[in-house]
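Quick notes on the structure that follows.
The values are calculated or read from the model by the stated rules, or taken from the named source; none is laboratory data. Since the structure is predicted, the reported quantities are computational estimates derived from the model, not experimental observations. Ideal geometry is used to build each Cβ from the backbone, glycine not excepted, and the neighbour counts take in all protein chains shown.
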Amino acid sequence: MLMMMHVSLHETDTPFGSQLTVENSAGYEDTVLWNPYGNEGMGFNNFVCVESVKFDPVTLEGGSSWNGDMSLVPGDL
């Protein structure tokens, strides 16, 4: 499963009544939520992966740098 988000992602953990917000505060523009569905060896039914990404290429001049900041912020529903 691959899902791209351009906004904050709220993943609800119903049994615990909590919320997880993915904040891409610098550099990153997208969020990918995935799991290795069908790969029992990786325990696909026990977790999901959340990754911040930038799909558009970034060209850097010599000596320059690029930073991306991602925060996972827990909260109540």
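Could you check Pro74 against (1) touching a residue at least 12 places away in the same chain (Cβ under 8 Å); (2) surrounded by 14 or more Cβ atoms within 10 Å (Cβ to Cβ) and say which number it fails?
Condition not satisfied by Pro74: (2).
From the set of residues in segment 43-59 that are of a type in the set (A, V, I, L, M, F, W, C) and surrounded by 13 or more Cβ atoms within 10 Å (Cβ to Cβ), which is farthest from Val73 (Cα to Cα)?
Per the stated criteria, the residue is Phe44.
Please give the strands (runs of 3 or more DSSP E) falling wholly within the chain in which 3 or more residues are at pLDDT below 85 and over 9 Å from the mean Cα position of the chain (by Cα).
Answer list for the chain: 9-13, 18-26, 69-76.
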